[in-house]
Amino acid sequence: MKKIIAVDGPAGAGKSTVSKIVAARLGYTYIDTGAMYRAVALKVLLTKKSVEDVTRDIEIKLDEAGKIFLDGRDVTKEIRTPEVSRGASDVAKFGIVRKKLTELQREMAAHGSVIMDGRDIGTQVLPNADLKIFLTASVEERARRRFEELKEKNFSADFEQIKKEISLRDKQDSEREIAPLAQAEDAILLDSTALSIEQVVEEILRLAR
Ligand code: DC
């Protein structure tokens with residue numbers, strides 16, 4: 001039977017890392033909705049067109065391997081810069097963007113079993129999901145994880161700067177008028193501050209069963 005898992009939470013809580021593993025273990029399709037907002041932001045940055053114009057004429061595709069294509073071009077790496085992170089949170093305030101991406105996301109979830117992560121999946125996109133998780137962690141811990149990740153990739157990173165950017169995105173994402181970051185009433189709160197990736201994965205698998 002087709003099953004749907006919705007995972008929401010703030011930036012850096014580990015949503016995509018654990019959702020990918022859970023998807024692989026359960027044989028579900030993983031859908032990263034943040035990547036879709038990032039693709040819109042990237043196109044705005046590249047073309048300098050308005051958010052409205054970009055949204056009216058954009059093609060976003062996610063493949064089975066988790067790659068993201070913007071107008072047919074692989075932008076998987078390009079969407080992970082701090083500039084695009086900020087831009088994604090900015091374009092996510094626009095009703096026209098949310099409407100378009102929400103429709104696309106519902107279509108993607110219409111066929112097989114999926115685990116979808118984002119900010120408004122349990123509240124807006126898939127309110128009838130079989131399991132809703134709200135995954136969070138302290139700002140300090142989320143910034144620390146991001147800092148370690150960048151260091152590992154040999155990128156220069158400033159912990160305080162990362163913490164500031166994460167806090168700003170939290171504020172923007174939870175205070176916007178349309179579909180803000182929020183825990184659905186029937187979502188299960190999972191605080192990953194003191195948990196390993198494997199512990200979070202195990203807990204979601206347990207809940208899914
Ligand atoms: O999950 P992420 O960091 O890749 O998401 C980037 C931005 O996109 C995030 O700051 C807010 C926005 N977003 C959203 O508004 N709704 C979603 N379902 C997913 C992401």
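If you plug the beta carbon distance of Leu45 and Ile96 into 1/(1 + (r/R0)^6) with R0 = 22 Å, you get a FRET efficiency near 0.80.
As a test, work out the antiparallel percent of DSSP beta bridges whose residues both lie in the chain, rounded to the nearest 5. Here the share of antiparallel DSSP bridges comes out near 25 percent. Centre-to-centre separation between the Cα atoms of the stretch 65-99 and those of the stretch 38-62: 8 Å. Based on the Kirkwood approach, the hydrodynamic radius assigned to the stretch 111-178 is 14.2 Å, with every pair of different Cα atoms included.
Taking one quarter of the surface of the C-alpha convex hull of the chain gives a mean projected area of 11.1 nm². Taking the Cα centre of the chain as reference, the dipole from Cβ charges on Lys and Arg (+1) and Asp and Glu (-1) amounts to some 300 debye.
Based on the alpha-carbon gyration tensor of the stretch 1-94 and its eigenvalue square roots a ≥ b ≥ c, which shape applies: rounded if a/c is under 1.5, prolate if not and a/b is larger than b/c, or oblate? Working shown, then result.
Numbers: a/c = 2.09, a/b = 1.72, b/c = 1.22.
Since a/c reaches 1.5 and a/b is larger than b/c, the shape of the stretch 1-94 is classed as prolate.
FRET efficiency for the Leu168 to Lys2 pair, using the beta carbon distance and R₀ = 41 Å, is estimated at 0.65.
For Lys153, the lysines whose Cα comes closer than 23 Å to its Cα, not counting residues fewer than 8 places off in the same chain, are Lys15, Lys20, Lys67, Lys77, Lys163, Lys164. Amide H contacts for Thr29 (H built 1.01 Å from N in the peptide plane; partners 5 or more residues away or on another chain; cut-off under 5 Å): Ser113, Val114, Ile115. List the residues of the stretch 35-59 whose backbone N lies under 20 Å from a point placed 7 Å from the Cα of Glu107 along the Cα-to-Cβ direction. Taking a point 7 Å out along Cα→Cβ of Glu107, the residues of the stretch 35-59 whose backbone N falls under 20 Å are 35-44, 52-59.
Computed over the stretch 64-180, the P(r) curve from all C-alpha pair distances, binned at 10 Å from the origin, holds 11, 35, 39, 14, 0 percent per bin.
Bear in mind these aren't lab numbers, they're just calculated from the coordinates by the rules spelled out. None of these values were measured; they are calculated from a predicted model. When we count neighbours, we look across all protein chains shown, and the Cβ atoms used for this are built from the backbone with ideal geometry, even at glycine.
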